[in-house]
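The values are calculated or read from the model by the stated rules, or taken from the named source; none is laboratory data. None of these values were measured; they are calculated from a predicted model. Counting neighbours? That spans all protein chains shown, and the Cβs are built from the backbone with ideal geometry, glycine included.
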Amino acid sequence: MTTKLAGKWTQIYYAGYDLSGWSHQFDATIEVDEIDGTAFLDGAKNSFDGLPGGSAAVEAFLSTGAGESEDGLSTYVPTYTDYHLQILVGQNAAPAIGDPVFMLTAKQFDYKVPLSVATAVLIQSTFKQQTKPYWGTVHANTSITNTTGFASVDGKMVSSANGAEATLEIITALASDTYVIKVQHSTNDVDWVDLMTFTADGSARTSERQTATGTINRYTRALATRTGSGQTLRLAVAVVRL
């Protein structure tokens, strides 16, 4: 990726809610704790790395309709439960397969609505990581009505050896259809083997994280297999090699 990117093409999903149409600022941070290792006679400050961490903060215009910003950002504060955040960055177009995506499994810590006379009403929320955050790759970001094998992503290597992580966002729940949603990998971009299978089947708005260990072949893709009559499922899948 060599193109300079504009933030206007960002899409933001949290716990199956699409916050993109109401958000105007989102800060994502990956960091490592610095542990002081300076002794009296060192003559200079020394330190070593501690635990990795991450956080995110959102400002979103207040909108109170079902599935909108107030619904998405107020629902999970009292539960203190892990949910999954994706920040998809489009390459000066809507985010597509192969584009970068920030992946954070987090707890939401607050929900603030500061008010003043001359400014728009905004929701402010912060999220703290519960697993190491990553920049991964978009593997799906669309609506489908039938079984879909999504376009593959080339890892640009024969394989990698340290496993992978994937997150799924179910943004539009189905009335009666269901889907089995997987991440697969391949050595040749033709013959596919299951790598990770999500338990979420599209019947409810939700988000989910899955992990895989060991060798990840060169090519990866998302696959959604439908059972039912052809209702519309909107989903997003992100994958990172570890």
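Brief remarks follow.
- Where a residue in segment 38-54 is hydrophobic (A, V, I, L, M, F, W, C) and its partner, wherever it lies, is assigned to a loop (DSSP other than H, G, I, E, B), with Cβ under 7 Å and at least six apart: Phe48/Gly37
- Leading residue by the ranking (surrounded by the fewest Cβ atoms within 10 Å (Cβ to Cβ)) among those in segment 13-40 that are among the charged types (D, E, K, R) and over 19 Å from Gly67 (Cα atoms): Asp36
- Test: residue in segment 82-101 that is free of Cβ contacts under 8 Å to residues at least 12 places away in the same chain and either in a loop (DSSP other than H, G, I, E, B) or under 23 Å from Thr131 (Cα atoms) (or both): no
- Residue among Thr187, Thr199, Thr215, Thr225 that alone is closer than 27 Å to Ile12 by Cβ, at pLDDT 95 or above and hydroxyl-bearing (Ser, Thr, Tyr): Thr199
- Selected residue (criterion: nearest to Ala106 (Cα to Cα)) from residues of segment 5-44 that are under 14 Å from the mean Cα position of the chain (by Cα) and not in a strand (DSSP E or B): Ala15
- Top-ranked residue of segment 45-71 - restricted to ones that are of a type in the set (A, V, I, L, M) and either in a loop (DSSP other than H, G, I, E, B) or farther than 19 Å from Asp27 by Cα (or both), ranked as modelled with the lowest pLDDT: Leu51
- Every residue from segment 207-242 that is surrounded by fewer than 20 Cβ atoms within 10 Å (Cβ to Cβ), more than 21 Å from Asp154 (Cβ to Cβ) and hydroxyl-bearing (Ser, Thr, Tyr): Thr211, Thr213, Thr225, Thr227, Ser229, Thr232
- Selection over segment 118-133 of residues that are touching a residue at least 24 places away in the same chain (Cβ under 8 Å) and surrounded by fewer than 22 Cβ atoms within 10 Å (Cβ to Cβ) gives a count of 10.
- Pairs with Cβ under 6 Å, 6+ apart, first in segment 146-159 and closer than 16 Å to Lys182 by Cβ, second surrounded by 11 or more Cβ atoms within 10 Å (Cβ to Cβ) and among the hydroxyl-bearing types (Ser, Thr, Tyr): Thr147/Thr225; Ser152/Tyr219; Val153/Thr137; Val153/Thr220
- Index of the failed condition, Val117 passing every other in (1) of a type in the set (Val, Ile, Thr); (2) at pLDDT below 95; (3) part of a strand (DSSP E or B): (3)
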